[in-house]
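Structure record follows, encoded as structure tokens.
Every number here is computed from the coordinates shown, using simple stated rules; none is lab data. What you see is a predicted model; the values in this text were computed from it and never measured. Cβ: placed from backbone, ideal geometry, glycine included. Neighbour counts: every protein chain shown.
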């Protein structure tokens, strides 16, 4: 049954030309079938492969696809933030370009947000494992977050979630700068309610190259500490 409310879907992209056509097709098929209104906002975060050209073709063929482009790589957090700030529907869903969960879970978290929870975080269960250094880095980031903040969250590194646009607007009004290093923390500062929801593994397991590098993980560690000290 199609949901009567609309959703904005934000997808950060960085050098993903190899998987973009499949991702675009799967997302448009699913959201056109499950929602009365939808838009998919792809944010190209400074790709230097064919990603932008693929996105431009898709947008020319489907008016439900909107594009944003960063001239240089600003990090996934900024890409998702910019896409969320540009969203036009009341419920905003964030998903990585690999679609690393069951598509039905995207509708589930969107419905929870629509019913009143301002911020819904995904909590991964199962799925293909990442490399050992990525797993170690993710665990350390989660431990550091729990150590410094009072928010209860078990999977800080999960990029899947949903947020009410009213909360994003509140964040926009109170932002100190346009640069966002930790979107979850920014949103939690203004949220009156949030929850974490289990999401299952993807229906299609595709080889994936991690966008995380040791430098990016180091920046994430510092951002968690800096946000605590600055706020």
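Quick notes on this one:
- Rg to Rh, two decimals, where the stretch 1-99 supplies the alpha carbon set and Rh follows Kirkwood: 0.95
- P(r) histogram, all alpha-carbon pairs of the chain included - 5 Å bins from 0, percent: 1, 6, 15, 19, 22, 19, 12, 5, 1, 0
- Simple label model, 7 Å out from Cα along Cβ direction - residue 90 to residue 154, nm: 3.1 nm
- Hydrodynamic radius of the stretch 4-51 per Kirkwood, over alpha carbon pairs, in Å: 11.5 Å
- Rounded Å value of the spacing that divides the Cα centres of the stretch 5-47 and the stretch 63-125: 9 Å
- Model label points for residue 172 and residue 72, set 7 angstrom from Cα along the Cα-to-Cβ axis, are 2.6 nm apart.
- Descending semi-axes in Å of the stretch 76-125, equivalent ellipsoid built from Cα gyration tensor: 17, 16, 9
- Among beta bridges that DSSP assigns inside the chain, antiparallel share in %, nearest 5: 20 percent
- The mean sequence distance of close C-alpha pairs (under 8 Å, at least 6 residues apart), as a share of the length of the chain, puts its relative contact order at 23 percent.
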